[in-house]
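Worksheet: the structure to be examined is printed underneath.
The values are calculated or read from the model by the stated rules, or taken from the named source; none is laboratory data. Nothing here was measured: the structure is a model prediction, and the numbers come from that model. FYI the Cβ positions are ideal-geometry reconstructions off the backbone, even for glycines, and counts take in every protein chain you see.
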Amino acid sequence: MLKYVAIAGLMLVAGSTIAKADPFEDKMHYLHDLCSQGNRGACIKFGIEIGKHQERIAEWHHNHPEWFWYER
């Protein structure tokens, strides 16, 4: 029985770390969506945020290639 409780506990911990949302990434999705709809200000803000976070660009290239349409 203890074995099953431990497994359930591990599953809970693993699930909570996977399900965490990244508020900054949510903001990036929002700006990208607005930019795609023609909002020039959102495009500028989106580009500025990408430029400010150089350390995350490789991760973003992998997870969100659509954000880098201008490099194609």
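Some notes on this structure:
- Hits in region 58-72 - residues which are surrounded by 10 or more Cβ atoms within 10 Å (Cβ to Cβ) and not hydrophobic (A, V, I, L, M, F, W, C): Glu59, His61, Asn63, His64, Pro65
- Scanning region 19-28 for residues that are in a helix (DSSP H, G or I) and either at pLDDT 95 or above or out of contact with any helix residue (DSSP H, G or I) (no Cβ under 9 Å at 6 or more places or on another chain) (or both) yields Pro23, Asp26.
- Residue satisfying all of: in region 21-57; small (Gly, Ala, Ser) and over 12 Å from the mean Cα position of the chain (by Cα); surrounded by the most Cβ atoms within 10 Å (Cβ to Cβ) among these: Ala42
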